[in-house]
Structure formats: structure tokens, C-alpha cells
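Some notes on the structure that comes next.
Read the figures in this text as sums done on the coordinates, not as results from a lab. Note that this is a predicted model, so its numbers are computed, not measured. With ideal geometry, Cβ positions are generated from the backbone for all residues, glycine too; neighbour counts draw on all protein chains shown.
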Amino acid sequence: MLRWRSGRKLTSMIRKLDAVIALLAAKEVYSYKDLSSILGISVTTLSKYSQGEIIPSEEKAAVMLSRLLDRRLIKDFMCKLINKYDNDLLRVLGKPILTEYLGMYLCSRVVEVLAGSKVDAIIAPTDYSLPLASIIALRLGVFTIPLSIGTQTVGCDEVQEDVRRSLRIRRELNVISVHVVFSRDDAFALKEFIQQHKLRLKLIEALLLADASESISMFKDVLIESILP
């Protein structure tokens, strides 16, 4: 069943670290003054968190994550981030801490939406979606399945064939799909892959949803979430 990591001490440590990572990522577009207003924590304390001089308490960490992973704030964060990098989403995802933060948010959505459900694997295209999916997979304790879309390199084809061979042995996995951009081409490739391997697709998470009407129409019984638009 889908759940956060077990073990109280481990959970507490991860929550504190996640809070600092989220803070450092948010600083990419927000000032300490902005974050102080958002979090209700003084600029001095936030600065000390960022510098590693002190770490937040478990209670403070929980508050920080609750606010920094809020859907409205994440959407605003993404808009500011894309504007800062001149609409170049790949430059954004070239920074590991930003990928970690966005992966953290998507993971929280998966847990919230599918709490109590079984998830065996995460499907992701072999672009920046795969590192994003790997972050979520690590947190959920599941594995990732690379999805080829369009023309791929020989190496990617070889990986894809290995995946096909393994899935012939074990079908009917419960899966979710993670995309940087979920477009019409992604939807076609994903639908074909799901049908070919008889997988149970439970959720599609994306940073950006493109060709919305066509993409959504192909998965009428699957929840599709995106940060933008």
C-alpha cells in the first residue's frame, strides 16, 4: 500500500532535510523577506537554516513543508521560475535542487491522491522526466520504467527492450506516469505502452500539460494533474 517511509526517527530526519531543501529551492525566486511572510519564520532564522547553522524542529519543518508544497505556491513558483529562465524548462530542470523540490511536490500529490492504493512502478519518458520520476520512486520505494517517445538513441532502445522483456513476465502492474511536459505525443505513446503491457494506470502527474483536450480525452478514466496551466 502507498505510504511514506516507516520509522518515526527516519521520518523526522527526512522531513527536516526536505524542509531545508524546499527552502533552498524556493530561494531561487523568492527573497528571504518573501519566504518569511509565507512561512511565518524570521529572516534571521531562515538564513541560518539555509546556511546549515541550525536545522528546523520537527514542528517547524512540518509547517514549512505544508506551506512550501502548497499547490498555489508551487504554481506561482513555477511561473516565476520559467519567466526567470526565459521559458526554458530544461534549464530549470538542469538544477538538481529544483528537480528535487518539484519531485517532492509531485510525490506529495501522489501520496495524497492515491493514499491506501497499491503502486508498483512509475513510468516516465527518457528525458528530464526520468530523473523527476526517480526522485518520486525513491521516496515511494518503487521502480521506474523508461518510456520511449519518438526517435530515441540506440542506448534508450536497448533499455526499452529490456523493459519489454521483464514486463512480459510480470504484467498488470499498478503504475503512475510522470512527465515534465505531457503532450499529445506523450499521451499516444503512454496509451500504447499501457495497452501493450496490460498495466493499470492510476494517475498522470505533469509539470506542464500541453494539448490538453486531446491528451485528456485519451485517458477519460485516469486522473491527470499538472502544475501549469
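Note down the Stokes-Einstein diffusion coefficient of the chain in µm²/s, whole number, using a Kirkwood radius over alpha carbon pairs, 10 °C, and 1.306 mPa s. Write down the numbers at each step before the final one.
Numbers: Rh = 18.6 Å.
Answer from the Stokes-Einstein relation: 85 µm²/s.
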| remark: Counting as exposed only GluC sites (Glu not before Pro) in DSSP loop states with no more than 13 other Cβ atoms inside 10 Å, the longest exposed-site-free span of the chain is 54-171
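Given the pairs 33/80; 60/84; 33/75; 60/80, which are separated by over 27 angstrom at their Cα positions? The partial results should precede the final answer.
Details: 33/80 16 Å; 60/84 29 Å; 33/75 19 Å; 60/80 25 Å.
With Cα atoms farther than 27 Å apart: 60/84.
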| message | List residues of region 206-220, by number, whose backbone nitrogen lies under 11 Å from a label position 7 Å along Cα→C-beta of residue 184. | response | 211-215
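Sum -39500 (n - 2.57) across every DSSP H segment of at least 4 residues in the chain, then divide by the residue count to get the 222 nm mean residue ellipticity, nearest 500.
On the way: 11 runs with 133 residues, N = 229.
The helix-only estimate for the chain comes to -18000 deg cm²/dmol at 222 nm.
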| request: Using the charge dipole of the chain (Lys, Arg: +1 at Cβ; Asp, Glu: -1 at Cβ; taken about the Cα centre), state which of 121, 210, 148 has its Cα farthest towards the positive end. | output: 121
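Longest span of the chain, sites excluded, free of trypsin sites (Lys or Arg not before Pro) in DSSP loop with at most 16 other C-beta atoms within 10 Å?
28-117
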| Anchor residue 16: aspartates and glutamates whose Cα lies under 15 Å away (excluding residues fewer than 8 positions away in-chain) | 53, 58, 59, 100
| field | Per residue convex hull volume, Cα atoms of region 1-68, in Å³ | value | 85 Å³
| task | First select every other residue whose beta carbon is under 11 angstrom from the beta carbon of residue 42; then total the charges, Lys and Arg +1, Asp and Glu -1. | result | +2
| field | Ranked list, fewest to most other Cβ atoms within 10 Å of each Cβ, for 32, 101 | value | 32, 101
| query | With the contact rule set at Cα under 8 Å and sequence spacing of 6 or more, what percent relative contact order holds for the chain? | reply | 17 percent
| task | Work through the residues other than residue 218 whose Cβ is under 12 Å from its Cβ and net out their charges, Lys, Arg +1 and Asp, Glu -1. | result | -3
| Options 188, 89, 46, ranked by Cα towards positive dipole end of the chain, top entry (Cβ charges) | 46
